[in-house]
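Laboratory data are not the source of any read-out in this text; all were calculated from the coordinates shown. Bear in mind that the values here come from a model prediction, so they are computed numbers and not experimental data. So basically every Cβ, Gly included, is an ideal-geometry build from the backbone, and we count neighbours across all protein chains shown.
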Amino acid sequence: MTTEDAGRNPVDSRSRRIVFVCHCLLNANSKVEGLAQYAGVHPLITQLAALGIGIIQMPCAEMGSCGMSRWGQTREQYENVAFRGLCARLSDETLAQVHEYRRCGYEILGVVGVDGSPTCGVANSASGHWGGEYAPAEWAEVVSSVESAPLPGVHIEALFERLEPLGIRFFAIDESVEGHHVDEVIRGLTATE
């Protein structure tokens, strides 16, 4: 028995493996109206639970800043001092949790974001330079101008700054493809280094 094991309860069956996930993966109801592709929890969550992996739901910066009645926005619209400050505070809270879990012998398997999100994209995020009042006739033109930029979302970028130096790996669900890359994410999270 190691010193670390000495203080543990022998009937405690926790795995001591944890993953941090974007808020909407555990609660599709937090997404911008019309964007949810699943009813409640993402299929990734049931697979993580079946593997005995603890799941920590990070807060939704978009909902925290704009509420439930928000419009879909782009990375550039969230690219402002106030929103970056919110993402920095939320990322500091996540960093504190990472430190505490690691201090107590837990393994952080990674962070899972959602590609295409202006805030939680890992490899790409929704991008477009527009704003202001719109006329319904112009709305289709505005929406069609949104593209995918090869940049992380604003919240994930703040998390990268804090967690990548600690060796925390980032993975992404991609809701634009069939299967959402769930199998790739599971393989990545559970791969031994």
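The table below lists the values:
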| item | result |
| --- | --- |
| Cα shape, region 145-190, gyration tensor, a/c 1.5 rule | oblate |
| Of [x] 113; [y] 195; [z] 134, the label for volume of the Cα convex hull per residue in Å³ derived from the coordinates | [z] |
| On Cα atoms only, tilt of 154-163 relative to the major axis of the chain in degrees | 30 |
| Residues Val177, Val98, Val112 arranged by fewest to most Cβ contacts within 10 Å | Val177, Val98, Val112 |
| Order of Thr74, Thr46 under a 10 Å beta carbon neighbour criterion, fewest first | Thr46, Thr74 |
| Theoretical FRET efficiency, 1/(1+(r/R0)^6), r = Cβ-Cβ of Glu161 and Asp12, R0 41 Å, to 0.05 | 0.75 |
| Check: the chain dipole with +1 on Lys, Arg Cβ and -1 on Asp, Glu Cβ, in debye | 720 |
| Interchain or long-range residues, amide H under 5 Å from Ile56's placed H | Val19, Phe20, Val21 |
| Förster-model FRET efficiency, 41 Å R0, Leu51 and Trp130, C-beta, rounded to 0.05 | 0.45 |
| Relative exposure of Glu147, Glu178, Glu62, judged by other C-beta atoms within 10 Å (fewest first) | Glu178, Glu147, Glu62 |
| Cα shape, region 1-113, gyration tensor, a/c 1.5 rule | oblate |
| For the chain, Cys with no neighbouring Cys Cβ under 4.7 Å | Cys24, Cys60, Cys66, Cys87, Cys104 |
